[in-house]
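Inspection log for the structure reproduced underneath, given as structure tokens.
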Amino acid sequence: QVQLVESGGGLVQAGGSLRLSCAKSGTIFSVMIMAWYRQAPGKQRELVASIDSGGSTNYADSVKGRFTISRDNAKNTVYLQMSSLKPEDTAVYYCNATLLDLTCWGQGTQVAVSS
């Protein structure tokens, strides 16, 4: 069973930084597309960033230049480095792993940015 465990969320002031981590159990991590999504209260879940097995990345326009997604295949872990945080970044952040028709989600980690 694939399991994703996120960590690193918390409360930070606007302009600050946080790094989220997502550790995946099991095998085949290196070939999976890994992504971070977020869901703010009353809003739909949205894609924040993704990284494929070759290291190619994709970002939502709202986080470009501020967030960086990376992966360490040796540690089965994906990271989201968040800088210059804004109050509108406040949300529950979810890790996602996808390979063909297999997709799984982490339990989410709360990020709160105060103004």
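Please arrange ASP61, ASP101, ASP52, ASP89 by accessible surface area, largest first, computed with a 1.4 Å probe and ligands excluded. Show your work: numbers first, answer last.
On the way: ASP61 125, ASP101 150, ASP52 50, ASP89 0 Å².
From most accessible down to least: ASP101, ASP61, ASP52, ASP89.
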Revision key, fill the gap. In the chain, lysine pairs 8 or more places apart or on different chains with C-alpha atoms under 21 Å apart total 4
Practice item. First measure r as the distance between the Cβ atoms of ALA40 and ALA74, then evaluate 1/(1 + (r/R0)^6) with R0 = 41 Å and state the FRET efficiency to the nearest 0.05. Key: 0.80
**Study point:** Cα-based shape type of the range 63-115, given that a ≥ b ≥ c are square roots of the gyration tensor eigenvalues and the cut on a/c is 1.5
**Key:** prolate
Study note, to complete from the structure: Counting only protein heavy atoms and leaving out ligands, DNA and RNA, the solvent-accessible surface of GLU88 at a 1.4 Å probe, in Å² to the nearest 10, equals 130
Review point. Regarding the range 1-92, what is the average projected area of its C-alpha convex hull, in nm²?
Key: 6.1
Revision key, fill the gap. Share of accessible surface on carbon and sulfur in the chain, whole %, 1.4 Å probe and ligands ignored, is 49
Practice item. Please return the longest stretch of the chain lacking exposed loop sites, where trypsin sites (Lys or Arg not before Pro) count only if DSSP places them in a loop and at most 13 other Cβ atoms lie within 10 Å. Key: 65-115
**Study point:** Residues of the chain: accessible area per residue with a 1.4 Å probe, Å²
**Key:** 52
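The values are calculated or read from the model by the stated rules, or taken from the named source; none is laboratory data. Bear in mind that the values here come from a model prediction, so they are computed numbers and not experimental data. Please note: Cβ atoms are built from the backbone with ideal geometry, for glycine as well, and neighbour counts cover all protein chains shown. When the accessible area is computed, the model is the full protein with side chains, heavy atoms only, and any ligands, DNA or RNA have been set aside. Shrake-Rupley method; radii C 1.70, N 1.55, O 1.52, S 1.80 Å.
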